[in-house]
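The values are calculated or read from the model by the stated rules, or taken from the named source; none is laboratory data. Everything quoted here is computed from the prediction, not taken from an experiment. Only protein heavy atoms, including side chains, enter the accessible area calculation; ligands, DNA and RNA are left aside. Shrake-Rupley method; radii C 1.70, N 1.55, O 1.52, S 1.80 Å.
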Amino acid sequence: MKKKIIYIDMDGVISDFTKARNNHPLSKQSPYIGRPDRIPNIYKDLEPIPDAIKSVNKIINNDDFDLFFLSTPPWDNPDAWTHKRIWIEKYFGKKTRHRLILSARKDLNIGDYLVDDSNRRGQPDFKGEWIQFGSERFPDWKTVLSYLDIS
(Lines give C-alpha, C1' and ligand atoms only; values in the text may rest on other atoms or scores of the structure.)
Protein backbone atom coordinates (compact mmCIF):
# COMPACT_ATOMS: atom_id res chain seq x y z
CA MET A 1 0.00 0.00 0.00
CA LYS A 2 1.29 3.44 -0.94
CA LYS A 3 1.95 5.79 1.96
CA LYS A 4 -0.16 8.93 2.17
CA ILE A 5 1.85 12.14 2.00
CA ILE A 6 1.05 14.56 4.79
CA TYR A 7 2.43 18.08 5.12
CA ILE A 8 2.38 19.83 8.46
CA ASP A 9 2.82 23.56 8.89
CA MET A 10 4.97 24.87 11.72
CA ASP A 11 3.81 28.23 13.10
CA GLY A 12 0.44 27.94 14.78
CA VAL A 13 0.27 24.19 14.23
CA ILE A 14 3.30 22.68 15.96
CA SER A 15 5.18 25.78 17.17
CA ASP A 16 3.57 28.61 19.13
CA PHE A 17 4.54 31.74 17.20
CA THR A 18 1.60 33.68 18.64
CA LYS A 19 2.85 33.24 22.19
CA ALA A 20 6.38 34.29 21.19
CA ARG A 21 5.02 37.35 19.36
CA ASN A 22 2.83 38.40 22.27
CA ASN A 23 5.64 37.99 24.81
CA HIS A 24 8.52 39.50 22.84
CA PRO A 25 9.46 43.05 23.93
CA LEU A 26 10.31 44.13 20.37
CA SER A 27 6.86 43.24 19.03
CA LYS A 28 5.55 46.62 20.21
CA GLN A 29 8.44 48.64 18.75
CA SER A 30 9.12 49.96 15.29
CA PRO A 31 9.93 48.44 12.77
CA TYR A 32 8.38 45.23 14.17
CA ILE A 33 4.85 46.48 14.86
CA GLY A 34 2.68 44.43 12.54
CA ARG A 35 5.73 42.44 11.35
CA PRO A 36 6.80 40.27 14.29
CA ASP A 37 8.17 37.72 11.81
CA ARG A 38 11.08 40.13 11.29
CA ILE A 39 12.14 40.15 14.96
CA PRO A 40 15.66 38.73 15.22
CA ASN A 41 15.77 35.22 16.70
CA ILE A 42 12.01 35.04 17.32
CA TYR A 43 11.83 31.60 15.69
CA LYS A 44 14.82 30.24 17.58
CA ASP A 45 13.12 28.95 20.73
CA LEU A 46 9.41 28.72 19.99
CA GLU A 47 7.41 26.61 22.40
CA PRO A 48 5.50 23.65 20.98
CA ILE A 49 1.72 23.80 20.59
CA PRO A 50 0.02 21.54 23.19
CA ASP A 51 0.09 17.86 22.12
CA ALA A 52 1.90 18.70 18.86
CA ILE A 53 5.15 16.83 19.49
CA LYS A 54 3.44 13.66 20.69
CA SER A 55 0.90 13.80 17.84
CA VAL A 56 3.42 14.43 15.08
CA ASN A 57 5.56 11.59 16.39
CA LYS A 58 2.54 9.31 16.11
CA ILE A 59 2.23 10.29 12.45
CA ILE A 60 5.98 9.86 11.86
CA ASN A 61 5.83 6.37 13.36
CA ASN A 62 2.71 5.37 11.45
CA ASP A 63 3.48 3.22 8.41
CA ASP A 64 0.54 4.69 6.49
CA PHE A 65 2.07 8.18 6.26
CA ASP A 66 5.09 9.93 4.78
CA LEU A 67 5.41 13.20 6.70
CA PHE A 68 6.96 16.51 5.62
CA PHE A 69 7.01 19.86 7.37
CA LEU A 70 5.83 22.64 5.06
CA SER A 71 6.42 26.16 6.32
CA THR A 72 6.50 29.65 4.88
CA PRO A 73 9.57 31.47 6.15
CA PRO A 74 9.67 35.23 6.55
CA TRP A 75 11.53 36.49 3.50
CA ASP A 76 12.89 39.50 5.39
CA ASN A 77 14.38 37.40 8.18
CA PRO A 78 16.64 34.75 6.64
CA ASP A 79 17.93 33.60 10.06
CA ALA A 80 14.43 32.26 10.65
CA TRP A 81 15.01 29.68 7.91
CA THR A 82 17.88 28.19 9.89
CA HIS A 83 15.96 28.43 13.16
CA LYS A 84 13.04 26.53 11.66
CA ARG A 85 15.35 23.71 10.56
CA ILE A 86 17.02 23.57 13.97
CA TRP A 87 13.60 23.57 15.69
CA ILE A 88 12.47 20.55 13.66
CA GLU A 89 15.63 18.63 14.55
CA LYS A 90 15.38 19.63 18.23
CA TYR A 91 11.88 18.20 18.62
CA PHE A 92 11.83 15.39 16.06
CA GLY A 93 15.46 14.31 15.68
CA LYS A 94 17.95 14.21 12.85
CA LYS A 95 15.83 11.77 10.87
CA THR A 96 13.36 14.57 10.09
CA ARG A 97 15.64 17.50 9.34
CA HIS A 98 15.60 16.67 5.61
CA ARG A 99 11.81 16.71 5.67
CA LEU A 100 11.47 20.49 5.97
CA ILE A 101 10.14 22.30 2.90
CA LEU A 102 10.06 26.11 2.85
CA SER A 103 7.60 27.64 0.42
CA ALA A 104 5.26 30.59 0.04
CA ARG A 105 2.96 28.50 -2.20
CA LYS A 106 1.69 25.48 -0.35
CA ASP A 107 -0.71 24.59 -3.16
CA LEU A 108 2.27 23.65 -5.37
CA ASN A 109 3.09 20.62 -3.21
CA ILE A 110 1.51 17.29 -4.11
CA GLY A 111 0.13 15.16 -1.33
CA ASP A 112 -2.85 13.72 0.44
CA TYR A 113 -3.14 16.03 3.45
CA LEU A 114 -2.02 19.48 4.52
CA VAL A 115 -2.39 20.39 8.20
CA ASP A 116 -2.23 24.19 8.33
CA ASP A 117 -3.91 26.95 10.29
CA SER A 118 -3.63 29.69 7.67
CA ASN A 119 -5.39 30.20 4.35
CA ARG A 120 -3.05 32.83 2.87
CA ARG A 121 -0.44 30.70 1.10
CA GLY A 122 -2.47 28.57 -1.30
CA GLN A 123 -3.89 26.19 1.31
CA PRO A 124 -7.47 26.34 -0.06
CA ASP A 125 -6.12 25.29 -3.49
CA PHE A 126 -4.02 22.39 -2.19
CA LYS A 127 -4.78 19.39 -4.41
CA GLY A 128 -5.12 16.99 -1.47
CA GLU A 129 -7.20 17.62 1.62
CA TRP A 130 -6.57 20.73 3.69
CA ILE A 131 -7.06 20.11 7.40
CA GLN A 132 -7.44 23.62 8.80
CA PHE A 133 -5.86 23.36 12.23
CA GLY A 134 -7.55 25.52 14.86
CA SER A 135 -10.85 25.58 12.95
CA GLU A 136 -14.15 24.51 14.46
CA ARG A 137 -13.80 21.10 12.81
CA PHE A 138 -10.12 20.62 13.76
CA PRO A 139 -9.54 22.69 16.92
CA ASP A 140 -6.62 20.62 18.22
CA TRP A 141 -4.34 17.68 17.63
CA LYS A 142 -6.76 15.19 19.15
CA THR A 143 -9.32 15.90 16.42
CA VAL A 144 -6.67 15.77 13.68
CA LEU A 145 -5.39 12.37 14.82
CA SER A 146 -8.93 11.06 15.14
CA TYR A 147 -9.72 12.18 11.59
CA LEU A 148 -6.54 10.54 10.28
CA ASP A 149 -7.53 7.40 12.22
CA ILE A 150 -4.36 7.41 14.31
CA SER A 151 -4.58 6.40 17.95
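Accessible area per residue was computed with a 1.4 Å probe on protein heavy atoms; Lys28 scores about 140 Å². Database remark: amide H of Asp16 closer than 5 angstrom to the amide H of Glu47, Ile49 (H placed geometrically; neighbours at sequence offset of 5 or more, or on other chains; Pro and chain starts carry no H). Among the listed pairs Lys28/Lys58; Lys3/Lys142; Lys28/Lys127, those whose Cα-Cα separation exceeds 29 Å are Lys28/Lys58; Lys28/Lys127.
The phi torsions of region 106-122, fed into the Karplus equation with coefficients 6.51, -1.76 and 1.60 and a -60° offset, translate into couplings of 6, 6, 7, 7, 9, x, 8, 9, 10, 9, 8, 8, 9, 10, 9, 10, x Hz, rounded to whole numbers, with Gly and Pro shown as x. Summed over the residues of the chain and divided among them, the accessible surface reaches 56 Å² per residue at a probe radius of 1.4 Å. The translational diffusion coefficient of region 2-112, from Stokes-Einstein at 4 °C and 1.567 mPa s with a Kirkwood hydrodynamic radius over alpha carbon pairs, comes to 88 µm²/s. Amide H contacts for Phe65 (H built 1.01 Å from N in the peptide plane; partners 5 or more residues away or on another chain; cut-off under 5 Å): Lys4. Just so you know, the Rg over Rh for region 58-151 is 0.96, from Cα atoms, with Rh as the Kirkwood radius.
Amide H contacts for Ile101 (H built 1.01 Å from N in the peptide plane; partners 5 or more residues away or on another chain; cut-off under 5 Å): Phe69, Leu70, Ser71. Whole-Hz Karplus values for region 15-20 come out as 10, 8, 5, 4, 5, 4 Hz, taken residue by residue from phi with 6.51 cos²θ - 1.76 cosθ + 1.60 and θ = phi - 60°; glycine and proline positions read x. Between the helical axis of 79-92 and the longest alpha-carbon principal axis of the chain there is an angle of about 40 degrees. I'd like the distance separating the alpha-carbon centroids of region 90-141 and region 20-55, in whole Å. Going from one Cα centre to the other spans 19 Å.
Here the accessible area is traced with a 1.4 Å probe on the protein chains. For region 7-84, carbon and sulfur cover 48 percent of it. Look at the alpha carbon pairs under 8 Å that are at least 6 residues apart: their mean separation over the length of region 4-151 gives a relative contact order of 27 percent.
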